[in-house]
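Accompanying notes for the structure given below.
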Amino acid sequence: MPMLVKTVKIGIHKEVHAVKQQAILATQALYNQTIAFYIEFFVGHIAVLDAKKEARRKNGTPYERSWTNQELLTFAEMHTLDTKAHPHPLQPLIENLPSVRTMPVSLRRAAINHAIGKVKSWYSLLKLWEATDRKKRPPQLGQPNEPITFYADMVEYPDVADVDLEVQRQVRHDFIAVKLFYEGKWQLVPLPVTFHRQAQDALTKSQAESVRIYEATIKARKAPKEAWTDAERAAVRPREWCAMSLALYAKRDKQYPGGLRFAFHVPFEKWVDAPQKAKEQFAADPGMSVVTVDLGVNRLAVMGAFRSDKLTATKFIHGGKVNHHRHQLLNVIANKRSQSGRLQANAQDNVELWGKVRHIDENAARQVARQIVDFALAHEAKVIVLEYLRRYRPPKERMSRSGRKNHKRAYWLRGQIMKWVRDLAFREGILTVERNPAYTSQMCPHCHTQGNRTGPHFACQNPSHLYHADADFVGMMNLYRKWNGSFVYPRKKNRADEPKPVQAYA
């Protein structure tokens, strides 16, 4: 039962007060100073990462394990914070950072967890570098520049369930209160945010799911050493998207006051049932609903829904406008390059234009993937069949330089679409499989005879079966034939059956 994670971005209003902006920056600086302190602490006690502890499995057999993150956090707090049990810590945090004395415990622990993750990653790369090639530069531990992570006790969400009844209203302005170092002390500071419809729906479902998880946890409350059953663990896992600890990001933007744009990134988690393997699903129900997708250039996707070997629905997604717009931008880039002369080494040219090209491809990939998954959900399909993409091969016909780049990026777009389809389909419990695309747009899906493809048009060569169709549509039909194993490859001529050539004698 895997866990899925997605992130919803909630923007902070650009007119946020300057004093609150300074509080955000001061809190972030203090948070990163704490992370840097604990990074230095763990580097000084690096042997802890190699230390082992004795443990026992469920059957009672002993084994050795590394320290968990919770044990490392306890070790760090014991040697850096003065308590009644440890009044004289080895490396006191307060002496190095006096302003951290009143920092909330959850924020300090978030900084420790950040430091543990960074040091673990650096140490594993360092051991790999020592064991393999020392000629390269060793991995470095840089200065942290992390967003502020707020745990549940440092955040107060508004009641998003009480949504305005205006149908036309798509945006809601409200406040999210977080604990910041404001006016010399830690206190909840309300920050104006803009709730879009996706954020409203996600937070509304998250609040209801949190209440359900709390009630299930109270109902299944266990003693400290009492084991949990699988059913009890499944009951307290989020079945809907449930909000986790959010982070506050600051990004440079000249259009915002102070040159900074602030936003909350709220991660949501959900546990889903992993889809069964393709062979198991096909063996259990050969006539199950399946969606096949043929990806192209001028037609980004041709989808077909099949049930019991019958085509029930089709959908075409045209991409001529995307292809044309990208080609125009690449022409502009090529013209500017020809005017500027030789390009500088290690310097990116036409940054804004290349950014537009990337945004066009990324936006098209996400929208097409979303439509493919929605099409599969509408027809209750549990499998999406895609074509296996091979290495890019440049076209044989003559093209301009920008035309060749456009052709290559159009091919790369297929890979982006497939990546997003896999991600979105897995969230819905749908399996994605790939099939070899060889001859899919050259074989007749009805009489299994090889035909002629001229551009987007397909014509069957069987004289008794005059079949003409769109080549992408034929490819989509044959992908389903490859899914159920009824696809027939073209028969190769047997040279032994051919008449031998007449020999000429001098």
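Order these peptides, 465-473, 363-371, by their mean beta-carbon neighbour count within 10 angstrom, highest first.
363-371, 465-473
Residue by residue through the range 397-411, what is 3J(HN,Hα) from phi via Karplus (6.51 cos²θ - 1.76 cosθ + 1.60, θ = phi - 60°)? Round to whole Hz and write x for glycine and proline.
6, 6, 9, 6, 5, 5, x, 5, 5, 5, 5, 5, 5, 5, 6
Between beta-carbons, use under 11 Å as the cut-off and find the net charge around A471, counting Lys and Arg +1, Asp and Glu -1.
Summing Lys/Arg as +1 and Asp/Glu as -1 gives -1.
Add -39500 (n - 2.57) for each DSSP H run of 4 or more in the chain, then divide by its residues: what number comes out at 222 nm, to the nearest 500 deg cm²/dmol?
-13000 deg cm²/dmol
Compute for the range 1-104: radius of gyration divided by Kirkwood radius, i.e. Rg/Rh, restricted to C-alpha atoms, rounded to two decimals.
We get a ratio of 1.12 for the range 1-104.
Mean shadow of the range 24-84, computed from the convex hull of its alpha carbons, in nm²?
Projected area, direction-averaged: 6.4 nm².
For the chain, with the dipole built from +1 on Lys and Arg beta-carbon atoms and -1 on Asp and Glu ones, taken about the Cα centre, which of Y411, P286, Q461 lies farthest toward the positive end?
Result: Q461, furthest along the dipole toward the positive end.
How big is the dipole moment of the chain about its Cα centre under a simple scheme where the beta carbon of each Lys and Arg is +1, that of each Asp and Glu is -1, and everything else is neutral? Debye, nearest 20, please.
2280
Please say if the range 1-56 is rounded, prolate or oblate, where rounded means a/c under 1.5 for a ≥ b ≥ c the square roots of the C-alpha gyration tensor eigenvalues, and otherwise the choice is prolate for a/b larger than b/c and oblate otherwise?
Oblate, since a/c reaches 1.5 and b/c is not below a/b.
In the chain, if the dipole is taken from +1 on Lys/Arg beta carbons and -1 on Asp/Glu beta carbons about the Cα centre, which of A274, I176, V433 is farthest to the positive end?
Of the options given, the answer is V433.
Tell me which of P395, T217, Q187 sits at the most positive position along the dipole axis of the chain, charges placed on C-beta atoms (Lys, Arg +1; Asp, Glu -1).
P395
Take the alpha carbon atoms of the range 175-234, find their center, do the same for the range 416-430, and report the distance between the two centers in whole angstrom.
27
In terms of the Cα gyration tensor, with a ≥ b ≥ c the square roots of its eigenvalues, is the range 303-412 rounded because a/c is under 1.5, prolate because a/b exceeds b/c, or oblate?
Prolate, because a/c is 1.5 or more and a/b exceeds b/c.
Using the Kirkwood formula on the Cα atoms of the range 276-343, what hydrodynamic radius do you get, in angstrom to one decimal?
By the Kirkwood definition, the hydrodynamic radius is 15.5 Å.
Hey, how many Å between the Cα centroid of the range 104-152 and the Cα centroid of the range 271-349?
Each part's Cα centre sits 37 Å from the other's.
Kirkwood hydrodynamic radius for the range 333-484: how many Å is it when counted over pairs of different Cα atoms?
18.4
If the limit is 25 Å between Cα atoms, which of K6/K405; K6/K382; K84/K120; K321/K405; K310/K382; K321/K356 go over it?
K6/K405; K84/K120
Shape verdict for the range 205-301, please, from the Cα gyration tensor: rounded (a/c under 1.5), prolate (a/b greater than b/c) or oblate.
oblate
How long are the three semi-axes of the equivalent ellipsoid for the range 172-249, computed from the Cα gyration tensor as the root of 5 times each eigenvalue, in whole Å, largest first?
Equivalent ellipsoid of the range 172-249: 32, 19, 9 Å, largest first.
No value in this document is a laboratory result; all are computed from the given coordinates. Keep in mind that what you see is a predicted model, and the values were worked out from it rather than measured. Backbone-built Cβ (ideal geometry, glycine too); neighbour counts: all protein chains shown.
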